[in-house]
1. Of these, GLY58, GLY84, GLY105, which one is loosely packed, with under 14 Cβ neighbours inside 10 Å and small (Gly, Ala, Ser)?
2. I need every pair where a residue in the stretch 103-119 that is in contact (Cβ under 8 Å) with a residue 40 or more places away in the chain has its Cβ under 8 Å from the Cβ of a residue that is of a type in the set (D, E, K, R), sequence separation at least 6 or different chains.
3. I'm trying to understand the selection: among the residues of the stretch 82-101, which are outside any loop (DSSP other than H, G, I, E, B), over 40 Å from the mean Cα position of the chain (by Cα) and not hydrophobic (A, V, I, L, M, F, W, C)?
4. Write out, first by first residue and then by second, each pair whose Cβ atoms fall under 9 Å of each other, whose residues are 6+ apart or on separate chains, and whose first residue, in the stretch 194-208, is charged (D, E, K, R) while the second is surrounded by fewer than 20 Cβ atoms within 10 Å (Cβ to Cβ).
5. Residues of the stretch 120-136 being aliphatic (A, V, I, L, M) and in contact (Cβ under 8 Å) with a residue 40 or more places away in the chain, which ones?
6. Can you find even one residue in the stretch 264-277 that is open to solvent by 90 Å² or more (accessible area, probe 1.4 Å) and at pLDDT 80 or above?
7. Would you check if ASP128 is surrounded by 14 or more Cβ atoms within 10 Å (Cβ to Cβ) and more than 18 Å from GLY48 (Cα to Cα)?
8. Hey, can you tell me all the residues within the stretch 137-152 that are in contact (Cβ under 8 Å) with a residue 60 or more places away in the chain and open to solvent by less than 40 Å² (accessible area, probe 1.4 Å)?
Amino acid sequence: MKKYIASFIIACTTALSVQAQECSLPIGIAFHANETAMPQASQRVVAGKLRQLLTANGVSAMAGFYSFALVPEYEVTGKSITPGPPRQIVCQLQVGLKVLSVHDGVIFSAFTVSLDGVGQSDAAAFSDAVKRLTVRTQGLSDFIAQARDKIVAYYDAQADRIFARAKMLDQTRKYDEAIYTLMAIPECSSAYGQALQNVKEVWQHRINAEGERLFAKASALWAARTNSAAAVDASKLLAEIDPESESYTAAVALLEEIKEKAEENTPWDVALKIMDDNIDMEQRRIDAAKEVAKAFAENQQPQPEANLLFVN
């Protein structure tokens, strides 16, 4: 599964606000990874044009977090040579754009435009043609708007299924995948608010489980050999426990015990994490969960059937 997501803002509440504000969607720019792929020399130019197109139409996405792809395709429909000097090649291209699901290939929106390019070589003429694709090209904004609306509608319709899957993953302690699944829901979906609530629950389960693991490991280490080295190693484990974990209070108590019983001259250079009253804790959880989702996405293997190469 290829990859996705972006910054968090308040969810939209009406269809009008969905159209008016920026919407973070899991759309990445990708090229076909086969013989029909766009020439590599032109891919960077096209990718830049497509990023401008998405941004101009209020669509953003975090690199590496995509479940949908904006894919360009092309066909050379004509070529001619003008007499010099200088000798010029005129190239006619038909460029197609598709927004599709990387999971099953379902197309959500499609667009086709004819472009002409001129250059002193085939490659130069091709590049000149694709450079003529701009955010002002007629029909492009409608194409992106249609894709955006259909993707949001998809998540609205699939929300219950997504929540059920995330709950199953949470119950089987697959916390990172559960967070990743919930984070796929875009902020302009009506399900976004519930998704954030579910993310916070999964996040709490995750830090509780991680805190429990770290505390058990630190306790076992200290119980096995109460010397200076064990004191330091156990303390470093305790220092990794999140302050909001259910194991935090026990971690504080164990650290005090270790400091009391540790050998003299133990080189203490660790301290438990503490809450910062100046930090919005809810935003802290969201930001941390976002990083977890991104890391999970980046570790996923590409879907061979998708046959796409994403451009970050």
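The values are calculated or read from the model by the stated rules, or taken from the named source; none is laboratory data. All figures in this text were calculated on a predicted structure; none of them were measured in a lab. A quick note on method: Cβ atoms are made from the backbone with ideal geometry, for glycine too, and the neighbour counts reach across all protein chains shown. Calculation scope for accessible area: heavy atoms of the full protein, side chains included, ligands and nucleic acids excluded. Shrake-Rupley method; radii C 1.70, N 1.55, O 1.52, S 1.80 Å.
1. GLY84
2. That search, which allows pairs on different chains as well, returns GLY105/GLU305; PHE108/LYS150; SER109/LYS98; SER109/LYS150.
3. Result: THR82, GLN88.
4. LYS200/GLU282; LYS200/ARG285; LYS200/ILE286; ARG206/ARG173; ARG206/ASP176
5. ALA123, ALA125, VAL130, LEU133, VAL135
6. Taking every residue of the stretch 264-277 in turn, none turns out to be open to solvent by 90 Å² or more (accessible area, probe 1.4 Å) and at pLDDT 80 or above.
7. no
8. LEU140, ILE144, ALA145, ALA147, ARG148, ILE151, VAL152
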